[in-house]
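A quick write-up on the structure given underneath.
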Amino acid sequence: KKLFPLTVALCCSVGSAQAQNNPVIQTHYTPDPAPMVRKDSVYLYTGDDIPGYPFYYMTKWRVYSTADMVNWTDHGSPISLESFSWAVDRAWAAQCIERNGKFYWYICAQSKDNNMAIGVAVGDSPTGPFKDALGKPLIATPNWSNIDPTVHIDSDGQAYLYWGNGHLFYVKLNKDMISYTGDITEVPQTAAAFGGVRGSGDAPQDMFVEGPWFYKRKQQYYMMYAGMENRTECLSYATSANPTGPWEYKGKIMSKQPTNSFTNHGGIIDFKGKSYLFYHNALLKGGGSFGRSTAIESFTYHADGTIPAISISAD
Ligand code: FUB
């Protein structure tokens with residue numbers, strides 16, 4: 001029995017949602033949401049969980065857009081594993097950014113040499129078409145931590161790419177956005193930076209796990225990430241006065257989810273005067289740890305720039 005029609009025509013409305021009317025996309029599973037504000041619209045880049053699969057064996061990425069945070073347009077799946085000759089499996093979390101009229105979509109996937117690697121596709125519009133910019137990964141160290149790229153262009157024009165699982169890394173991207181200068185740097189995993197460290201037991205704890213989301217707001221840099229809380233992922237964050245740290249742990253944004261989705265993965269934007277947290281949960285019918293969907297909550301920063309605790313709204 002098909003739960004959700006996979007024959008939705010492209011570029012049609014796929015659901016009407018208030019920010020609290022979650023999950024916002026009802027026609028596909030849409031994990032690892034990465035929102036991008038452009039002009040009057042928000043573009044939403046997601047993964048594509050496959051119902052019934054026993055793991056994150058994902059094969060493609062998806063794009064949606066909205067001008068009002070209510071009506072969403074489906075732009076299909078402009079890139080898949082087949083877009084990257086070096087990629088064989090696990091089309092995991094990604095983020096897209098604009099520079100000089102081009103759109104750079106950083107993805108991660110399992111590579112032919114059996115590691116996770118980060119690649120970048122480039123397009124002339126936020127919905128594509130996109131093409132692998134390099135024909136090989138941008139980050140291809142022999143490391144399973146090469147997942148979940150997040151990218152930000154600072155006010156001085158310097159772009160930073162962060163990523164990681166267990167370990168958090170960054171490089172300074174060149175202006176072409178498809179190469180970098182300098183070494184890959186690992187961010188020290190301290191309790192002061194991320195609330196806790198790996199291996200400190202099963203007690204409720206914070207630590208950096210994966211899914212970094214790097215951005216700047218009012219002269220402050222933010223690093224939101226999936227942390228750990230009683231063996232389930234939560235969303236936590238740290239801030240810094242500098243784009244490369246040192247990071248200061250600020251607390252939990254979203255506690256572990258009562259929704260059977262082990263992971264969480266978030267993105268934060270300001271759009272038309274409001275702030276929004278994008279994350280994923282398992283609340284779409286038939287969902288679960290491998291059937292995750294984008295959900296959104298609006299929130300208001302405290303006056304000092306700290307982020308309030310945000311709870312899940314199921315509808
Ligand atoms: O969707 C696959 C992986 O699960 C992502 O890369 C992680 O952030 C977690 O959400």
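Just so it is clear, none of the values below were taken in a lab; they were calculated from the coordinates. Owing to the predicted nature of the structure, the values given are computational and were not obtained by experimental measurement. Neighbour counts run over all protein chains shown; Cβ positions are idealised from the backbone, glycine included.
First measure r as the distance between the Cβ atoms of ASN114 and SER311, then evaluate 1/(1 + (r/R0)^6) with R0 = 41 Å and state the FRET efficiency to the nearest 0.05.
Efficiency, from the Cβ-Cβ distance: 0.55.
Per-residue ellipticity at 222 nm for the chain, helices alone: DSSP H runs ≥ 4 residues times -39500 (n - 2.57), over residue total, nearest 500 deg cm²/dmol?
Calculated at 222 nm, the ellipticity per residue is 0 deg cm²/dmol.
Quickly work out the SER275-to-THR300 label distance, labels modelled 7 Å from Cα along the C-beta direction, and quote it in nm with one decimal.
1.1 nm
Just the number, please: Stokes-Einstein D of the stretch 143-225 in µm²/s, Kirkwood Rh from C-alpha pairs, 37 °C, 0.692 mPa s.
The Stokes-Einstein estimate is 240 µm²/s.
Could you check which residue among ALA34, ALA91, ALA140 shows the biggest mean-square fluctuation in a GNM of the chain with a 10 Å Cα cutoff?
ALA140
So for the pair GLN220, LYS136, with labels modelled 7 Å out along Cα→Cβ, what separation do we get in nm?
Between GLN220 and LYS136, the label points sit 4.2 nm apart.
Can you tell me which aspartates and glutamates have their Cα less than 15 Å from the Cα of LYS60? Leave out same-chain residues fewer than eight positions away.
Straight-line reach from LYS60, under 15 Å: ASP32, ASP48, ASP49, ASP74, GLU82, ASP89, ASP132, ASP148.
Using R₀ = 45 Å, calculate the FRET efficiency as 1/(1 + (r/R₀)^6) where r is the Cβ-Cβ separation of LYS39 and PHE262; round to 0.05.
Once rounded, the FRET efficiency stands at 0.80.
Quick one, can you get me the convex hull of the C-alpha atoms of the stretch 215-315 expressed as volume per residue in Å³?
Enclosed volume per residue, from the Cα hull, is 103 Å³.
Run down the aspartates and glutamates and flag those whose C-alpha is under 16 Å from the C-alpha of LYS39, throwing out any fewer than 8 positions away in its chain.
LYS39 reaches ASP68, GLU98, ASP124, ASP270.
Among VAL209, VAL197, VAL70, which one shows the highest mean-square fluctuation when the chain is modelled as a Gaussian network with alpha-carbon springs under 10 Å?
Checking each option, the largest mean-square fluctuation is seen for VAL70.
Taking N as the number of residues in the chain, what value does Rg over Cα atoms divided by 2.2 N^0.38 Å take?
On the way: Rg = 17.9 Å, N = 315, 2.2 N^0.38 = 19.6 Å.
Relative to the rule-of-thumb radius for its length, the chain sits at 0.91.
Using the number of other C-beta atoms within 10 angstrom as an exposure proxy, rank ASP304, ASP40, ASP48 with the fewest first.
So the residues, fewest neighbours to most, are ASP304, ASP40, ASP48.
What is the ratio of the Cα radius of gyration of the stretch 149-307 to 2.2 N^0.38 Å, where N is its residue count, to two decimals?
Its radius of gyration relative to the 2.2 N^0.38 Å reference: 1.04.
Under a point-charge model restricted to the Cβ atoms of Lys and Arg (+1) and Asp and Glu (-1), what is the dipole moment magnitude of the chain relative to its Cα centre, in debye to the nearest 20? Numbers along the way, then the final one.
On the way: 26 positive and 28 negative charges, 75 e Å.
The dipole magnitude comes to about 360 debye.
Taking springs between alpha-carbon atoms closer than 10 angstrom, which of GLY227, GLY76, GLY273 fluctuates most in the Gaussian network model of the chain?
GLY273
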